[in-house]
Amino acid sequence: VPALPRQADGFVMALEPSAGIGRLLNAASTPGFEQLSWTAVEYSEISAALLQAIRPDLNIVNSSFEEFVQANEAMLSGKLGLILSNPPYGGRGGTFTLDRNKTYRDSKAYVYFLRRGLDLLGEGGIGVYLIPYGFMTGQGGVFQNLRESILKRHHLRAAFRMPSNLFP
């Protein structure tokens, strides 16, 4: 297993592209995760402000993920060591065209977050996503095409099915 990409200072650049109030970030801020240098992107002004108040040690960006990518892609591409995300599951709405790269014009938000985020990872980087179970098991053409496009570009290390009643 390759080592995670590290910055010159030894830290691993980590990104949460839809941070909310930081539940996943807090889970990945326990002993053993000290070498992560977090950037958390949150679209909601209120959630971003709450997260900044709770976690002043993190770099919090109040922005859509699409706008964040446009502003920071050159700096991040190939350098991220970890992406941890529970992306939104609805449609992308008004953010659909904010990412000028038409390769990522996915209509479902979780598909955009998954594809765009994974493509920012450096060699050996890890993407951890909570996504609908249909991604791995769906038999429809949409799911099959999505799996194929992602798995041709990225290696699947593990997949776990969470209980269906885990999230209300």
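Based on the alpha-carbon gyration tensor of the stretch 27-88 and its eigenvalue square roots a ≥ b ≥ c, which shape applies: rounded if a/c is under 1.5, prolate if not and a/b is larger than b/c, or oblate? Since a/c reaches 1.5 but b/c is at least a/b, the shape of the stretch 27-88 is classed as oblate. About its Cα centre, the dipole of the chain is roughly 600 debye, where the only charges are +1 on Lys and Arg Cβ and -1 on Asp and Glu Cβ. In a reduced charge model with +1 at each Lys and Arg Cβ and -1 at each Asp and Glu Cβ, the stretch 1-58 shows a dipole moment near 120 debye about its Cα centre.
Counting only DSSP beta bridges whose two residues both lie in the chain, roughly 5 percent are antiparallel. When Cα Rg over 2.2 N^0.38 Å is computed from the coordinates, the matching label among (1) 1.01; (2) 1.65; (3) 0.96 is (1). Taking square-rooted eigenvalues a ≥ b ≥ c of the alpha carbon gyration tensor, is the stretch 76-168 rounded, prolate or oblate, where a/c under 1.5 means rounded and, failing that, a/b exceeding b/c means prolate? Rounded. Assuming charge only on the beta carbon of Lys and Arg (+1) and of Asp and Glu (-1), the dipole of the stretch 70-168 about its Cα centre is about 140 debye to the nearest 20.
Farthest toward the positive end of the dipole of the chain, out of TYR104, LEU36, GLY134, is the Cα of GLY134, where the dipole comes from beta carbon charges about the Cα centre.
Could you report the stretch 1-142's accessible area per residue, 1.4 Å probe, as an integer in Å²? List each step's numbers first, then the result.
On the way: 7230 Å² over 142 residues.
It amounts to 51 Å² per residue over the stretch 1-142.
The values are calculated or read from the model by the stated rules, or taken from the named source; none is laboratory data. Since the structure is predicted, the reported quantities are computational estimates derived from the model, not experimental observations. Neighbour counts run over all protein chains shown; Cβ positions are idealised from the backbone, glycine included. We work out accessible area using only protein heavy atoms, side chains counted, and drop any ligands, DNA or RNA first. Shrake-Rupley method; radii C 1.70, N 1.55, O 1.52, S 1.80 Å.
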